[in-house]
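Encoded as structure tokens, the structure appears first; notes follow it.
Coordinate-derived values only; no laboratory data. Just so it is clear, the model here is predicted, and its values are computed rather than measured. All Cβ positions, even for glycine, are placed from backbone atoms using ideal geometry, and neighbour counts span all protein chains on display.
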Amino acid sequence: MTYPERTSRLVSVGTIHPEGLIRELISNTEQQQASMFQRGMQENPNAAAEFGARMRSRPPSPDDTFELAALRRLAYERLYPESIENFYKANWPPRPFTTETEGFGFRIGEFPPVQAPTLLIYGRDSGPFKPETLDGIWRWVDGPLTLRVLPGVGHGPHTQVPEIVTPAILQWLQEE
């Protein structure tokens, strides 16, 4: 968006366009509720420490192989939760939500259009982003847009259904 000369193609997995997010935060109570984690990161002074403790005490997933469980444990040990907190403080739209609310550096109507061909893969059951955030996405992407909505998939399609996401990305890259 902000560096079109540096972006020949864009693949977005598990995210949405920030203008749709801000618009929905203004009037969609479901989206406001879905954003409680992000708001907590902005407003709770202990958010980073609590998040880090939760991640580090997380039990392995029953589906993980021994190797994958060990990699996840190592990643959680190396996690710097203040970086996540700082991301939300610097970028996530703060309350109160209005048409003047700034998020990710812009307000509604100010976001530059994405010029690169874009593949957006979205889990229909995403926790942080309600489906309405996708409404009108074609208005914010001037390049060709491919939207893949995966039913029964949440916020992390790349980890939940890599057998669908990875081939979809590879196929899209070959088509462009």
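At 0.36 nm per residue, and after removing the present C-alpha to C-alpha distance, how many nm does the segment from Ala53 to Leu71 gain when stretched out fully?
4.7 nm
For a footprinting-style exposure proxy, rank Ser35, Ser126, Ser83 by other Cβ within 10 Å, fewest first.
By the 10 Å Cβ count, ascending, the order reads Ser83, Ser126, Ser35.
Using alpha-carbon positions, what is the distance between the centroids of region 82-107 and region 135-167, in Å?
If you average the Cα positions of each part, the centres end up 23 Å apart.
Can you give the local net charge around Asn46? Use residues other than it whose beta-carbon is closer than 13 angstrom to its beta-carbon, Lys and Arg +1, Asp and Glu -1.
-3
Hey, of (1) 9, 30, 37, 21, 3; (2) 9, 31, 34, 18, 7, 1; (3) 8, 26, 31, 17, 9, 6, 3, 0, which did the structure itself give for P(r) over Cα pairs in 10 Å bins from 0, in percent when calculated?
Matching entry in (1) 9, 30, 37, 21, 3; (2) 9, 31, 34, 18, 7, 1; (3) 8, 26, 31, 17, 9, 6, 3, 0: (1).
Between Tyr3 and Arg95, what is the label-to-label distance in nm when each label sits 7 Å out along the Cα-to-Cβ direction?
So the label points at Tyr3 and Arg95 sit 3.4 nm apart.
Grab the Cα-Cα distance for Glu102 and Arg139, subtract it from 0.36 nm times how many residues apart they are, and report the gain in nm with one decimal.
11.5 nm
As a footprinting exposure proxy, order Phe87, Phe66, Phe51 by other Cβ within 10 Å, with the fewest listed first.
Phe66, Phe87, Phe51
Which of Leu74, Leu134, Leu120 moves most in a GNM of the chain, Cα contacts under 10 Å?
In this elastic network of the chain, the residue with the biggest mean-square fluctuation among Leu74, Leu134, Leu120 is Leu74.
Can you put Met1, Met36 in order of Cβ neighbours within 10 angstrom, beginning with the fewest?
Met36, Met1
How large is the charge dipole for region 83-147, taken about the Cα centre, if only the Cβ atoms of Lys, Arg (+1) and Asp, Glu (-1) carry charge, to the nearest 20 debye?
In total the dipole reaches around 80 debye.
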